[in-house]
Structure formats: C-alpha cells, structure tokens
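Structure record follows, encoded as structure tokens.
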Amino acid sequence: MTTPTNVRGRIRDIIPDIIIGRYPTGALNSLTDVPGVLVHTESLCRTTPTIVNTGVTTILPRREWFGDGCHAAFFKFNGAGEMTGSHWLEETGILNSPVVITNSFAVGSCYSGIYEYAVEKYKDKDGMADWFLCPVVGETFDGFMSDIGAMAVKSDMVVRGIQKASSDKVPEGNTGGGTGMCCQGYKGGTGSASRVVKGVIKKDGQEEQVKYTVGALVQAVSQKAYVALIAELRRQTRSYDRRRTHRKTDHERRGCICQQADGNRQGAEQGWLNHHSHRY
C-alpha cells in the first residue's frame, strides 16, 4: 500500500493570474469546502506477482451519515457502468451511506466494506443488525494500467476510509479510485474543486443575500484524445473525421467518468448530487 503525494502543482499554482470560470473558489478549492463533507483516498500499488495500480475513494456526506441522511439525487448520461444504491436514491431522495468510488471489479468488496463498518458500529446489544442500509458504490475501469482481475481491493480499505475521512483538501492525481485511470489518452485520476455562488432567499417576506458552496470530485476515464479544452484555450490533439468507419479497438471504445458533487448553503442542510456518466 502506498500513500501518494502531490509533486505537481495545479494550473492555478503555475499561472496565478489565470481565470477559470466565473465564480471564486472555496478556501481549499476542493469538495471538502462544503461544510460537513469528509473524504479519504487510499491507493494500492505493487509490481508482484502482477502490476496493480488501483485504490478506493471514500466520501462521507456528513460524519453521522448512518442516522442523519441528506437529500440526494443522481443523473446518468449515456451510462453503462455500475452505481449501487441508485434505485433507493431515486425512490426516496435520501442518502444514508458513504459514497465509495473504485475500479470496476471492486464494487462488491467496497459494498461489503460499508456493511462491515456499519454492522460493527451500529449493531444492537445482542450483536444483531436490525436496520436497513443500501450502500452507494460507483466505479470506473482501470484495467489498462492495473491487473484488474487480481481483485486487489479489499473491504478493509473502505472501513479505513470511513474511519479516517477528513475535511482536509482532497488529494488529487494518482490517488484513491483514480490511481490507475487514464483520460483523453493521458494519465487520468482523481480531481476535485469548489466554487462559491451568490444567491437570494426569501425570509419573512424579505430577500436575504446568501452564499452557496458547490463542490465536486471527479474520477475520470476516457481513452480517446480528440479535443482537450482547458481555460478557454482549445487544443486539437488529433485530426478526426466522423465519416471514418474503421472498427474501434477496445482501448478506443471504452471510456467513462464518475463524478460526485455536493452543494450547500453555508450553515444550511446539505444536498447531494451523484453524476455517473459513460461515453463512447
């Protein structure tokens, strides 16, 4: 097991005067700028007996997620991947689970990990679980940089993630579930950001100025590099003719992105949005 460190700065660190978007960032420019949200990432990298580069990202919408759920929704865009618990979210609009993101073959282990933590912490005096829980686990595919069939992710990684989740800035790059991901023909991984948005609410017939903090965490995978758009500078990475009819390879055909986003008015109740989209 390894704990990655960020050795490369963000573009804002390299070009301090750059303008990205129209809204100011939160204090950390991270998902954890949203009050109450906690995150932990753990990577697993090894070279024997096979090469493994994978991991788990654990997100707590709030520390007491088990008994104090928050409003939740999800959106799928041309999706073909797995996100457990989505039916329950659609039915109730309430999230009473961590949100865990990992590789495609580790969904089961992470699902079990949430249960293992909950049973140990919330079992009754007779040691029984007399409650209902529908864990939320999402995935993307890291099989190009990792032996995904090694089934390296174990449930104890999720248990540790729930125990150690913090409000610190989310580690980025080759960390957590994003450890072995590729995106747009380059190395992908885990990314996070936040924005502060002004708003108005009506209270006792009067309008009151408020601020909302919106945070996002993305685990990106997409194996095609057609166009990269960064800070309003468009870079054509290769010529592309939509009329081409050649058969795509598996590497070209597969691609997905798993994004978690949370919005919260400062001091108000949390809302949660899960966005899981697959392309190509």
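Within segment 144-164, identify whether any single residue is assigned to a loop (DSSP other than H, G, I, E, B) and touching a Gly at 6+ places or on another chain (Cβ under 6 Å), and answer yes or no. Talk me through it step by step, then tell me what you get.
Of the residues in segment 144-164, the ones assigned to a loop (DSSP other than H, G, I, E, B) are 144-147, 151-154.
When the remaining residues are screened for being touching a Gly at 6+ places or on another chain (Cβ under 6 Å), the result is 145-146.
Scanning segment 144-164 turns up at least one residue that is assigned to a loop (DSSP other than H, G, I, E, B) and touching a Gly at 6+ places or on another chain (Cβ under 6 Å).
One residue stands out in segment 112-131 among those that are aliphatic (A, V, I, L, M) and part of a helix (DSSP H, G or I): the one that is most open to solvent (accessible area, probe 1.4 Å), namely VAL119. Of all residues in segment 165-176, exactly one satisfies the criterion of being in a loop (DSSP other than H, G, I, E, B) and under 14 Å from VAL99 (Cα atoms), namely ALA165.
Exactly one residue out of THR3, THR50 is at pLDDT 95 or above, surrounded by fewer than 19 Cβ atoms within 10 Å (Cβ to Cβ) and over 16 Å from GLY191 (Cβ atoms): that is THR50. Within segment 19-37, residues that are over 29 Å from GLN163 (Cβ atoms) have Cβ atoms under 6 Å from residues that are at pLDDT 95 or above and outside any loop (DSSP other than H, G, I, E, B) in these pairs: TYR23/ARG195; TYR23/VAL197; PRO24/VAL196, counting only partners at least 6 apart in sequence or on another chain. As for segment 187-202, it holds at least one residue that is touching an Asp or Glu at 6+ places or on another chain (Cβ under 8 Å), at positive phi and at pLDDT 50 or above. Taking the criterion of being more than 22 Å from VAL37 (Cβ to Cβ) and open to solvent by less than 10 Å² (accessible area, probe 1.4 Å), the only residue of segment 155-180 that qualifies is GLY180.
Checking the condition assigned to a loop (DSSP other than H, G, I, E, B) and under 28 Å from GLY143 (Cα atoms), which residue from THR57, THR48 passes?
Values: THR57 fails: assigned to a loop (DSSP other than H, G, I, E, B).
Step by step, each of THR57, THR48 is checked, and only THR48 is assigned to a loop (DSSP other than H, G, I, E, B) and under 28 Å from GLY143 (Cα atoms).
Listed here are the residues, each with its yes/no results for (1) under 30 Å from ASP130 (Cβ atoms); (2) open to solvent by less than 70 Å² (accessible area, probe 1.4 Å); (3) at pLDDT 95 or above.
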{"site": "ARG22", "(1), (2), (3)": "no, no, no"}
{"site": "ARG46", "(1), (2), (3)": "no, no, yes"}
{"site": "PHE66", "(1), (2), (3)": "yes, yes, yes"}
{"site": "ALA73", "(1), (2), (3)": "yes, yes, no"}
{"site": "GLY81", "(1), (2), (3)": "no, yes, no"}
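Taking (1) more than 19 Å from the chain's Cα centre (by Cα); (2) aliphatic (A, V, I, L, M); (3) under 26 Å from ALA220 (Cα atoms) in turn, ALA129 satisfies each apart from (3). Evaluated against (1) more than 17 Å from the chain's Cα centre (by Cα); (2) in contact (Cβ under 8 Å) with a residue 60 or more places away in the chain, VAL153 falls short on exactly one condition, (1).
Selection of segment 132-154 for residues being surrounded by fewer than 18 Cβ atoms within 10 Å (Cβ to Cβ), of a type outside the set (A, V, I, L, M, F, W, C) and over 14 Å from THR50 (Cα atoms) yields only LYS154.
The values are calculated or read from the model by the stated rules, or taken from the named source; none is laboratory data. Because the structure is predicted, anything quoted here is derived from the model rather than measured. In this analysis, Cβ positions are derived from the backbone assuming ideal geometry, glycine residues included, and neighbour counts consider all displayed protein chains. Heads up: the accessible areas ignore ligands, DNA and RNA and are worked out on the full protein's heavy atoms, side chains in. Shrake-Rupley method; radii C 1.70, N 1.55, O 1.52, S 1.80 Å.
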